[in-house]
1. Conditions: (1) among the aromatic types (Phe, Trp, Tyr); (2) under 24 Å from the mean Cα position of the chain (by Cα); (3) open to solvent by 10 Å² or more (accessible area, probe 1.4 Å). Residue A:395 meets all but one. Number of the miss?
2. If a residue has to be within 14 Å of chain B (Cβ to nearest Cβ) and open to solvent by 40 Å² or more (accessible area, probe 1.4 Å) to count, how many in region A:408-452 make the cut?
3. Residue B:260 - would you say it is among the acidic types (Asp, Glu) and closer than 22 Å to residue B:300 by Cβ?
4. Just wondering, is there one or more residues in region B:222-229 that are among the charged types (D, E, K, R) and at pLDDT 80 or above?
5. I need the full set of residues from region B:200-250 which are assigned to a strand (DSSP E or B), in contact (Cβ under 8 Å) with a residue 40 or more places away in the chain and more than 30 Å from residue B:182 (Cβ to Cβ), in order please.
6. Could you say whether any residue in region A:335-343 is open to solvent by 10 Å² or more (accessible area, probe 1.4 Å), in a helix (DSSP H, G or I) and more than 23 Å from residue A:425 (Cβ to Cβ)?
7. Quick one: which helices (runs of 4 or more DSSP H) lie wholly within region B:13-132 and hold at least 2 residues that are within 11 Å of chain A (Cβ to nearest Cβ)?
8. Return a yes/no flag: does region A:31-41 have any residue that is at pLDDT 80 or above, touching a His at 6+ places or on another chain (Cβ under 9 Å) and not small (Gly, Ala, Ser).
Amino acid sequence: MSKVLAVAWREFKYTAMTKAFIFGAVVIPALLFGLVAFASLLFKPNVTELTGTIVVIDDDGSFTAAAEIETGPDRMNERLADLFAQFGERAAQAAEMATPYLPKVNLTVQSAEPTADLEQLKQQIHDGEIIALAVYPSELIAEDNGIDSASLSEMDNSEEGDEPGTIALYLGSDLAPNHVSLINRTLRTAVVRARTEKQGQDYQELITLLRRPSIQTRTITPEGQEAKSVGELAIFVPMGFMMLLWISTFTSANYLLTTTIEEKSNKVIEVLLSAVSPMQLMTGKILGQALVSVIMLMMYAGLAIVGLVTFSFMHLIPMTYLFYMAAYFVMAYFMISAMMAGIGSAVNDLREAQSLIGPAMLVLMIPLMLWFFIQENPNGTLATVTSFIPPLIPFVMILRVTTPTESVDLWQIIVSLVWGYAAMIGMVWMAAKIFRVGVLMYGKPPTPLELIKWLRYS
Amino acid sequence: MPEFSINIQNVNKRFGLTHAVRDLDLRVPVGSLCGFLGPNGAGKSTTIRMIMSIILPDTGSVEVMGSDALRNKDRIGYLPEERGLYRKMRVGEFLHYVGRLKGAGGADLSRRINHWLERINLSEVVRHRCQELSKGMQQKIQFLASIIHDPELIILDEPFSGLDPVNTSLLNQLIRELNEQGKTIIFSTHVLHQAELICDRIFLINHGVKLLDSSLEEIRRTFDPKTIIVEPLDEYVDLSTAQGVHAVHSSNGQQIHELEIESDADPQAVMQAVMNMTQVRRIELRRPTLEDVFVELVMKDEGEAAAEEVRRELSHV
């Protein structure tokens, strides 16, 4: 056992305690940690208050009145409430979180006669005395909401050549883009408000009538119980878990492949085999890289947890998910590393390895390619069948069990674990057989058929 | 305690159509220093790999230290022909690692590493990475890796290949010392005179067949000398006419002649005949070298053409 541990420690040390690994697998995630943890600070925009006067030119002042209401603080709050209504019972929290990112508004709306001197007002914008000038054509509020021919020809002759029925807006060049869009929205909404009121309707009442309510979904599970439905963000949870499994197992299994090939190509393998058996060597190497894999998993999982806590989404990850993750991680790691150790032992260099890794990778890409379909229908035929095909088991199962909308039958979970671990042991056994023959084989790399033949060697 | 460290009986090994080792019997007495000789491709490394249980024989039995190499890994030191180092590992760490894998450890291992590095004049490289060493240095470190755990049986496959004369001589000395300490040592080489210098026992193998298995003393006794060195006072004398002389080889510009005697001739009688023909400054019966023995055995076994081929091969070394 001490020999296996010596191999494992060397494998770990020369993979994980290198500058390249520390930079790639520790420093970068750590930087991301920091980035996520301080995201609220880093991404907090420099929100400046929108202050100033907007001059509105309209015939009868109805637009001005509407614009005044629209820019008032009450309307701003109402709009926020509308915006976050979709978050259901978490709307208040969402609004609170979003508030720092929204510009504060302190606008004054002044009315001006249509006969006012446009040039002078433009000069005032230039001088910074006012921030915007909006010219409302009276047609905008006409009852048929159309434009009569007289006004059309008048418009055609207008100096600016504006389209009829369009608000002409003049702005200073120093306004922030979000301020411009806010002014735009407000002025356009004011038209709707003015029109409604002209028709003798209560705009506020209409808004209330038109407001679409939010939906609080409850899913009825096959057991007849109610399950709380989760938000749209939850669809990323299964993908997140599977990617975590993928990255952590494949990175270290890849290290296992390269270190095995390296030991073969630099001829140190025979020195090692004079001291340890091929089985001891392979076990040590797999265990050493397992530690590397766990570190990778911890780094990225930690990063994800920090992110979820920062943005208050931790409720998306129940504790059972973490249990499944641990169970399927062990299964996935040993399956993939057994494959890589077998392949690494059979070839002389990385180039040769590609021809054997290609088909293996194609199979293992299946969960990535089918992610969406499996998650959409976690109890469908595709998902169920792929859940019991050995190298895919952990990846497909983690997708299924972390999909919040549908639960997977317990018997399927148990069978996947029992069958998966049995298959894992089988794969490690096969890898050991191939490893024993392969590590001392030089020359032409074996074909997949020859690999199968090696399995029969005693 | 078995009498033999290695006992191979009737071993055969084929690789496809190649019969690498045929009906091989080999016994290495405990405490001996054995040379395992033969030209390239003779089957030496295959035999050594079978001794180490790295490959298994098709037929026959291989006994190492009373059982097999797998059960005695920690008691055996092995320097493979295909040897390497971890390029990024530091020398000291590499030796520690190999030592630990061989069951050694602790302060004793550290002490041994320092001692041996000093012995091969490489104390200063203990913290160097293996890739920073010259090829010769790497060879010496690989040798240390095979003996660092103080094994009882040491198997060295072509330990001298790639070494310069100074390091070859150092390695010779170390091998002799280890043998004097009671270690059984077997090493393969295709450089025959190398073995002649230090071995007390010789195995000769060609095309997978054992040609000779004997102590050096016995070989010298058994194989008659076939060459007489003569330095005549009369430089014009024709020694090829002396009775029993098969051929004369003369060095250019020197008065020293090598007389190759006929296979059935008595060397003493030929020497007498030469002295009767002319006065000599010096005349001596040259001891047969392993090369001579090897060529003779091949000739006996496979004929003149094969012997010529072996001679040519050995002269390239």
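1. Unmet condition: (3).
2. Residues in region A:408-452 being within 14 Å of chain B (Cβ to nearest Cβ) and open to solvent by 40 Å² or more (accessible area, probe 1.4 Å): 6 in total.
3. Yes; evaluated as a whole, the condition is true for this residue.
4. Looking for residues that are among the charged types (D, E, K, R) and at pLDDT 80 or above, one finds none in region B:222-229, hence no.
5. Once the filter is applied, which keeps residues that are assigned to a strand (DSSP E or B), in contact (Cβ under 8 Å) with a residue 40 or more places away in the chain and more than 30 Å from residue B:182 (Cβ to Cβ), region B:200-250 yields B:206, B:209, B:227, B:228, B:229, B:230, B:231, B:232.
6. Within region A:335-343 (the criterion being open to solvent by 10 Å² or more (accessible area, probe 1.4 Å), in a helix (DSSP H, G or I) and more than 23 Å from residue A:425 (Cβ to Cβ)), the answer is no, since none of the residues qualifies.
7. B:44-51, B:91-101
8. Checked against the condition, which is being at pLDDT 80 or above, touching a His at 6+ places or on another chain (Cβ under 9 Å) and not small (Gly, Ala, Ser), region A:31-41 yields no hits at all.
The values are calculated or read from the model by the stated rules, or taken from the named source; none is laboratory data. As the structure is a prediction and not an experimental result, all values here were calculated from the model. FYI the Cβ positions are ideal-geometry reconstructions off the backbone, even for glycines, and counts take in every protein chain you see. Ligands, DNA and RNA are excluded from the accessible area calculation, which covers all protein heavy atoms including side chains. Shrake-Rupley method; radii C 1.70, N 1.55, O 1.52, S 1.80 Å.
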